[in-house]
Each structure stands twice: as structure tokens, then as C-alpha cells.
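Report on the structure given below.
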Amino acid sequence: MGVTEKEFSKEKLKVTLAKLFGFLEYDQLIEGFYNEDDYNKYKDEDEDVIINALAEEYANNLYPEILGQFKAFVPNIFGYDSEGELLSSELFYLPAVKIYEDIDTSYNDGVTVVYDTNEIYMLTNGDIIQVMSLVVQTKEFMMNYRGYVQELKGDISFAFEEEDLFGRLWDIAAGYRDEEDE
């Protein structure tokens, strides 16, 4: 699991992060600084300056840890039942790392849990992809279906929760892995 520096360089990460941060509004961007001195330094700057500063800071903190977080195979359907585990075909044809996840709606009747989430993946070619994920789970059964929604570029119809985005990136930098990766 993971990719090499040749497959995904620190410079490519920085460019991809700048693209990602470009989807955020000013008030979301400024929340990306965890250091109060940086926050005060950049709070009156233009968005482009903030985006570049954040891309540099996050690239420095994520690299090289993010290389080990890329998965060569991200299934579009996976789950388990009493018979064992189910995996389906791959969602992407390039290694990808999940950089954002936000539960959109959920339902729980005490026996069955159903929720759908928005997931954002970074691919080794620098694309940023939005995926819809629907999970149905009971005590002995779990099924997760993922479907491609869109490549994020230009004007997007997706609103990021900046706390979730920046928190996820810091988790990746700290070596946190998803439960499905374990």
C-alpha cells in the first residue's frame, strides 16, 4: 500500500492542495491556520496568498506521510455478511487517498443504520474527485456502495466543512488510517 515519491512528489501535492483550497471561501481558508501568529499574519491577505501559504504549510506537514496513505485499490462496493467479506471492482484506476468525509444524512432504527456521505479523494495525477458513499449496516451485515459524482474543478456544487477538511488532513499527517484500511 502507498506510492513512491516518483509517483506523487511534494510539488504535485502542493499544487493539488492549492487547487483543493481554491474551492474554499475566505472565511473557511483562514481557519486552516492552526497557529495564531500565521492566522494574524494572513488574515488581511488576498485569497491567493492564503491559498499558497496553506498549500505550502500542509504539503510540508503531510509529506512524506501521505505517500503511505494512498491505496492502489479503492473498491466501489465492499462489505461483509455472515459468509465473509465482499469486494467489488475498483472505483479509480489510479492510487487514491481519502482527504475528506462528511455524513450527509443518516437513519438508525436500533437495528439498521443507513447513512450517506460525501467523500473526497486525491488521486496521484492531481485530480480531486467527489464520491457519494451509501452504507447499510446491521449487526451481521454491512454494505458500502461508492459512486463517482464529479471531478472537482472550476465552479463546484459542493460545500466543504472546513473543520472536517483541515482536521482530516492533520489526521493524515499524524498517520491516522481509516478503519477499512486496517
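The values are calculated or read from the model by the stated rules, or taken from the named source; none is laboratory data. Just so we're clear, the structure is a prediction, and the values are computed from it rather than from any experiment. Cβ placement follows ideal geometry from the backbone for every residue including glycine, while neighbour counts extend to all protein chains displayed. To get the accessible areas, we keep the full protein, side chains included, count just its heavy atoms, and leave off ligands, DNA and RNA. Shrake-Rupley method; radii C 1.70, N 1.55, O 1.52, S 1.80 Å.
Residue by residue through region 84-107, note down the ones that are aliphatic (A, V, I, L, M), in contact (Cβ under 8 Å) with a residue 40 or more places away in the chain and open to solvent by less than 60 Å² (accessible area, probe 1.4 Å). Show your work before the answer.
Step one: of region 84-107, the residues aliphatic (A, V, I, L, M) are 86-87, 91, 94, 96-97, 99, 103.
Retained after the next criterion (residues that are in contact (Cβ under 8 Å) with a residue 40 or more places away in the chain): 86, 91, 97, 99.
Within region 84-107, LEU91, VAL97, ILE99 meet the criteria.
From the set of residues in region 1-36 that are of a type in the set (S, T, N, Q) and within 21 Å of LYS98 (Cβ to Cβ), which is surrounded by the fewest Cβ atoms within 10 Å (Cβ to Cβ)? First the steps, then the outcome.
Step one: of region 1-36, the residues of a type in the set (S, T, N, Q) are 4, 9, 16, 28, 35.
Cutting the leftovers down to within 21 Å of LYS98 (Cβ to Cβ) gives us 4, 9, 16, 28.
On the way: THR4: 11, SER9: 15, THR16: 21, GLN28: 17.
Looking at the filtered set, the residue picked out is THR4.
Which residue pairs have Cβ atoms under 6 Å apart, sit 6 or more places apart or on different chains, and have a first residue in region 137-161 that is in contact (Cβ under 8 Å) with a residue 60 or more places away in the chain and under 21 Å from VAL113 (Cβ atoms) and a second that is surrounded by 12 or more Cβ atoms within 10 Å (Cβ to Cβ) and among the charged types (D, E, K, R)?
These pairs meet every condition: PHE141/ASP81.
Each row is one residue, and each column tells you yes or no for (1) crowded, with 19+ Cβ neighbours inside 10 Å; (2) polar (S, T, N, Q); (3) closer than 30 Å to LYS139 by Cα; (4) touching a strand residue (DSSP E or B) at 6+ places or on another chain (Cβ under 7 Å).
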{"site": "ASP38", "(1), (2), (3), (4)": "no, no, no, no"}
{"site": "ASP48", "(1), (2), (3), (4)": "no, no, no, no"}
{"site": "ALA55", "(1), (2), (3), (4)": "yes, no, no, no"}
{"site": "ASN61", "(1), (2), (3), (4)": "no, yes, no, no"}
{"site": "LEU67", "(1), (2), (3), (4)": "yes, no, no, no"}
{"site": "LYS71", "(1), (2), (3), (4)": "yes, no, yes, yes"}
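Considering every residue within region 146-163, establish whether at least one is surrounded by 15 or more Cβ atoms within 10 Å (Cβ to Cβ), of a type in the set (Gly, Ala, Ser), under 20 Å from VAL15 (Cα atoms) and out of contact with any strand residue (DSSP E or B) (no Cβ under 7 Å at 6 or more places or on another chain). Before you say what the answer is, go through the steps one by one.
Taking region 146-163 as the starting set, the residues that turn out to be surrounded by 15 or more Cβ atoms within 10 Å (Cβ to Cβ) are 146, 149, 152, 160, 162.
Okay, now just the ones that are also of a type in the set (Gly, Ala, Ser), so none.
No - not one qualifying residue is present in region 146-163.
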